[in-house]
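**Student:** Just dropping this structure here.
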Amino acid sequence: MVVDETRGRYVECYNKEYVPARVLVNTRGRRVRGEYHEWEIHPTKWNRVREPAVYIQTRRTIEPDHYTLIRTSVCP
């Protein structure tokens, strides 16, 4: 038996989706200054105050941004 068959030009169809980068952020990356205590002196009293440490935030890319193709069941 011979059957005539018409095939479309599309073999597979995909939707393109943007995936943003995944970045690891370390808020305590590089220390600039450590924690310390000091005195505030007023005419009638002295106050001992704490100054917290200061850090420079660092970032490291775990996965760069890219596009991914997701297969669909419907082609145009």
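**Student:** Go through the range 1-26 and report how many residues are surrounded by 10 or more Cβ atoms within 10 Å (Cβ to Cβ) and without any contact (Cβ under 8 Å) to a residue 24 or more places away in the chain.
**Tutor:** 0
**Student:** Give me the residue from the range 45-73 that is within 30 Å of Pro20 (Cα to Cα) and among the charged types (D, E, K, R) and, out of that set, modelled with the lowest pLDDT. Reasoning before the result, please.
**Tutor:** From the range 45-73, those within 30 Å of Pro20 (Cα to Cα) are 54-73; that's our starting set.
Next, only the ones that are among the charged types (D, E, K, R) stay: 59-60, 63, 65, 71.
On the way: Arg59: 97, Arg60: 97, Glu63: 97, Asp65: 98, Arg71: 92.
Ranking the candidates gives Arg71 first.
**Student:** Output the residues belonging to the range 52-76 that are over 30 Å from Arg7 (Cα atoms), assigned to a loop (DSSP other than H, G, I, E, B) and not acidic (Asp, Glu).
**Tutor:** Step one: list which residues in the range 52-76 are over 30 Å from Arg7 (Cα atoms), which gives 52-66.
Going one step further and asking which of them are assigned to a loop (DSSP other than H, G, I, E, B), we end up with 52-53, 64-65.
Matches in the range 52-76: Pro52, Ala53, Pro64.
**Student:** Now, a different point. Select from the range 1-48 the residues that are in a loop (DSSP other than H, G, I, E, B) and among the polar types (S, T, N, Q) and write down the one among them that is nearest to Pro76 (Cα to Cα).
**Tutor:** We begin by selecting, within the range 1-48, every residue in a loop (DSSP other than H, G, I, E, B); these are 1-12, 20-21, 34-35, 42-45.
Filter once more, so that each one left must be among the polar types (S, T, N, Q): 6, 44.
Numbers: Thr6: 15, Thr44: 82 Å.
Per the criteria, the residue is Thr6.
**Student:** Taking the residues in the range 46-76 that are loosely packed, with under 10 Cβ neighbours inside 10 Å and among the polar types (S, T, N, Q) as candidates, determine which candidate is farthest from Asn26 (Cα to Cα).
**Tutor:** Top of the filtered list is Ser73.
The values are calculated or read from the model by the stated rules, or taken from the named source; none is laboratory data. What you are looking at is a predicted structure, and each value in this text was computed from that prediction instead of being measured. No Cβ is skipped: glycine too gets one built from the backbone with ideal geometry, and neighbour counts run over all protein chains shown.
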